[in-house]
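The values are calculated or read from the model by the stated rules, or taken from the named source; none is laboratory data. Note that the coordinates shown come from a computational prediction; the quantities given were computed from them, not determined experimentally. When we count neighbours, we look across all protein chains shown, and the Cβ atoms used for this are built from the backbone with ideal geometry, even at glycine. The protein model used for the area step is the full one, side chains on, heavy atoms only, and it has no ligands, DNA or RNA in it. Shrake-Rupley method; radii C 1.70, N 1.55, O 1.52, S 1.80 Å.
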Amino acid sequence: MTNESNTVSHEGIVTKITDDELEIKILAQSACAACHAKSACGMGEQAEKILTVPRPQGREFALNQRVNVKMTVGQGNKAAVLAYLIPIILLLAVLFVCLGLGLGEGLSALLGIVALIPYYIILYLRRDKLKNQFLYTID
C-alpha cells in the first residue's frame, strides 16, 4: 500500500474481467499496520478483499495481472463514516434513550441493535448510488 498526498493505493491481482468491470483481489500487506489511513480504507482489518472496479477504456487486462488500485482518502473517510461512525452513533443513541425511558439494559441493547436494521436496509437499497460515489481507479 502506498499513500500519496490525497490517495491510497493497493496492489491487487485481476481475478475476473468483463466488458465494463474488473474484479481485483487485494491483499493487505504488513505496511498497512503502520499506515495512518488504514482506518479509512479498511484494509488493515482483512487479509483479502475483492473489489469491483470500472474497466478503463482502451486498456487490455489479463487474468492474474498485477495492478494498482487507487482511492482518494476523502472517499475512504466517507466510507468509514457510513460503515462505522453512523451505526455506532445510532446504536448508542437508541440505547441511551431507551435507558432514559426506564427500559432494562438487555431490552435497550436489543432495541439498539434492531435500530440498525433499517439503516443497513437503506444502505443496501442505495448501493448503486453509493457505488458511484466510491470510485476506484487503476494505474
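Points to keep in mind about this one:
- Rolling a 1.4 angstrom probe over the protein heavy atoms with all chains in place gives the stretch 66-139 an accessible area of 66 Å² per residue.
- Proximal charge balance of residue 24 [Cβ under 12 Å; K/R count +1, D/E count -1]: +1
- Translational diffusion coefficient (Stokes-Einstein; Kirkwood radius from C-alpha pairs) of the stretch 40-139 at 37 °C, 0.692 mPa s, in µm²/s: 200
- Figure note: 105, 23, 48 ranked by solvent-accessible area, largest first, 1.4 Å probe, ligands and nucleic acids not counted: 105, 48, 23.
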